[in-house]
Amino acid sequence: MSRDFLSTVCCFFIITCLCSQTLRAQTSEGTTALTAHQKLARGIFRELIETNTTMNIGSGKAAEAIALRLKAAGFSDNDIQLAGPRAQNMNLIVRYRGKGALRPVLFFGHLDVVEALRQDWSSDPFVFLEKDGYFYGRGTSDMKNEDADIVANLIRLKSEGFEPDRDIIVALTEHEEGGDANGINWLLTNRRDLIDAEFAINLEGGGGEIKNGKYLLMKIQTGEKIYVNFQLEIKNKGGHSSLPVKNNAIYQLAAGLSRLAQYEFPIRMNETTRTFFQRAASQENGQAAADMQAILKIPMDTSASNRLCASSAYYNALLRTTCVATMLSAGHAMNALPQTARAVVNCRMLPDDSLENVFSTLTRVLADSQIVVSQINQIIVSPLSPLRKEVMDKVEKLTTSMWPGVIVTPVMSTGASDGRYLRKAGIPVYGVSGNFEDVNDIRAHGRDERLGVQDFYNGVEFMYRFIKALASGS
């Protein structure tokens, strides 16, 4: 064997090793030690992030891609439905058949995401990036993580031959971020048969809280506030700006808004918020813990409630109906006195509050009969879901097993989700997710949206165990 040949072999071996090392270096972080199920979840997650599903584009392609994965995993064509008003705006519904011993359970989430501009981000928002222990991309936390989670677990359960006692229905919907033109509302109106269930799990409504690096709370969403917008309008004869008068539409509306800014609706608690503060108090210390305990007393300690509301916009929103000015417009020319001034006030009503009460309160607080208050949108009255023992117990058991010391608590969402349509239709909804996020670094809808890599995989495992427990009826 010649030296030249040996040299050639050695060079080839060295080059091969270098190329292998380079390939491993170019592979996204942390993939080599993953289980087959984690690799599957990550692959689905990546595919969804890199499929643009913003409102102008639609979620049709993402829904079709997931349908193909489910068919390849053994789901029949009859159990996979694409339904919606247009091809680009399709909702995906899949049914995992069970024994029929119990009524079905519905798991739902949305595929659409809010817009993200490349110039606003440090990296391309529609390219899946794993860096420094985080997954980056639009939808990583809202909510393609949960979409990937539920689909991967359906495929895993199918491969294991799992036979549930009840049908598992999964609906991944379209247009949740853009309003009620599609999604759960459309399905309830047009194809309720596909999603009718005993109760539902909202995949984005709950989840865990991390604060200062500590895993604190696991939240189960049992309700949400009621969303309503009002227009405030005042008209005036106007005139030339060189001849100003005290009767100015802008000043008059501004004065009413200033009175509204100083007003606070009464504090009230319901079954969910009372339980939340009772359990959350154990994870606080000092004045905050003492105040949470004090507001549970009957009658409520008003000094404690005032301190809590002043210290946290979130606690304030949990304890009372809120109304806030969000838009303002006035005038028609720079050199004319305004003839019209308008404002939009967005209110988030407690579930047991009434539209009549909020309307009359606004009128009273504005204290100006010339400011005309009118309702802009129809409200969706969404009652609280009762604290369902089988859901609460299973989440508590899994949480204790996976994150010892974390407190499980029901919560009322201060925002709005598609769950309100199901609750209105008589289907109780519980927001459950195994994903944890840092409460001081929420990036959903914002720049450089991200989710912890290990938090994603832990969430996948949590949901796998939760689905099995909930669908088995044990």
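The values are calculated or read from the model by the stated rules, or taken from the named source; none is laboratory data. Keep in mind it's a predicted model, so treat the numbers as computed, not measured. Ideal geometry is used to build each Cβ from the backbone, glycine not excepted, and the neighbour counts take in all protein chains shown.
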**Report entry** All positions within segment 332-350 that are within 20 Å of I250 (Cβ to Cβ) and buried (at least 19 other Cβ atoms within 10 Å of the Cβ)
**Finding:** L337, P338, A341, A343, V345
**Report entry** segment 351-378 - residue that is under 23 Å from the mean Cα position of the chain (by Cα) and surrounded by fewer than 16 Cβ atoms within 10 Å (Cβ to Cβ) and, of those, farthest from N185 (Cα to Cα)
**Finding:** D352
Report task. Need at least 3 residues that are more than 17 Å from N153 (Cβ to Cβ), modelled with pLDDT under 95 and β-branched (V, I, T) per element, so show me which helices (runs of 4 or more DSSP H) inside segment 1-100 make the cut, counting only ones lying wholly within it. Result -> 3-26
Requested in this report: For D455, state whether it is buried (at least 20 other Cβ atoms within 10 Å of the Cβ) and farther than 22 Å from T53 by Cα.
Outcome: yes
Report task. Would you point out which residue out of T409, T414 is buried (at least 17 other Cβ atoms within 10 Å of the Cβ), among the polar types (S, T, N, Q) and in contact (Cβ under 8 Å) with a residue 12 or more places away in the chain? Result -> T409
Requested in this report: Could you tell me which numbered condition V373 fails, if it satisfies all but one of (1) modelled with pLDDT of 95 or more; (2) assigned to a loop (DSSP other than H, G, I, E, B); (3) within 26 Å of A325 (Cα to Cα)?
Outcome: (2)
Query raised in the report: Looking at segment 427-474, what strands (runs of 3 or more DSSP E) fall wholly within it and have at least 1 residues that are under 17 Å from G137 (Cα atoms)?
Result: 436-438, 450-452
Report task. Could you check, for segment 407-414, whether at least one of its residues is hydroxyl-bearing (S, T, Y), more than 30 Å from I155 (Cβ to Cβ) and at pLDDT 95 or above? Result -> yes
Report task. Identify all residues within segment 381-406 that are of a type in the set (V, I, T) and crowded, with 17+ Cβ neighbours inside 10 Å; write none if there are none. Result -> V391, V395, T399, V406
Requested in this report: Select from segment 218-260 the residues that are more than 20 Å from S374 (Cα to Cα), of a type in the set (V, I, T) and either more than 42 Å from the chain's Cα centre (by Cα) or surrounded by fewer than 22 Cβ atoms within 10 Å (Cβ to Cβ) (or both) and list them in ascending order.
Outcome: V245
Report summary line: Of the listed residues (V391, V365), the one being out of contact with any Ser or Thr (no Cβ under 6 Å at 6 or more places or on another chain), of a type outside the set (D, E) and outside the structural domain of A254 (by TED's automatic domain parsing) is V391
**Report entry** Flag for V358 being among the hydrophobic types (A, V, I, L, M, F, W, C), assigned to a helix (DSSP H, G or I) and at pLDDT 95 or above
**Finding:** yes
Query - Given (1) in contact with an Asp or Glu (Cβ under 7 Å, 6 or more places away or on another chain); (2) crowded, with 21+ Cβ neighbours inside 10 Å, index of the condition F135 fails - result: (1)
Query raised in the report: Residues in segment 102-120 that are within 20 Å of the chain's Cα centre (by Cα) and either of a type in the set (A, V, I, L, M) or crowded, with 24+ Cβ neighbours inside 10 Å (or both): how many?
Result: 11
Query raised in the report: In segment 85-102, is there at least one residue being of a type outside the set (A, V, I, L, M, F, W, C) and free of Cβ contacts under 8 Å to residues at least 12 places away in the same chain?
Result: no
**Report entry** Search result, residues across segment 269-295 that are in a loop (DSSP other than H, G, I, E, B), modelled with pLDDT under 95 and either more than 23 Å from the chain's Cα centre (by Cα) or among the acidic types (D, E) (or both)
**Finding:** E284, N285
Query raised in the report: Of all residues in segment 150-188, which are surrounded by fewer than 23 Cβ atoms within 10 Å (Cβ to Cβ), under 20 Å from S417 (Cβ atoms) and modelled with pLDDT of 95 or more?
Result: I169, L188
Query raised in the report: Quick check, is S312 free of Cβ contacts under 8 Å to residues at least 12 places away in the same chain, within 24 Å of the chain's Cα centre (by Cα) and within 30 Å of T275 (Cβ to Cβ)?
Result: yes
Report task. Note down all Cβ pairs under 9 Å where the first residue falls in segment 365-393 and is within 25 Å of A341 (Cα to Cα), the second is part of a loop (DSSP other than H, G, I, E, B) and of a type in the set (F, W, Y), and they're at least six residues apart or on different chains. Result -> V365/Y263
Requested in this report: Only one of these is in contact (Cβ under 8 Å) with a residue 24 or more places away in the chain, of a type in the set (F, W, Y) and over 29 Å from V408 (Cβ atoms): Y251, Y215, Y263. Name it.
Outcome: Y263
**Report entry** Which listed residue is assigned to a strand (DSSP E or B), in contact (Cβ under 8 Å) with a residue 40 or more places away in the chain and not polar (S, T, N, Q), from I155, I169
**Finding:** I169
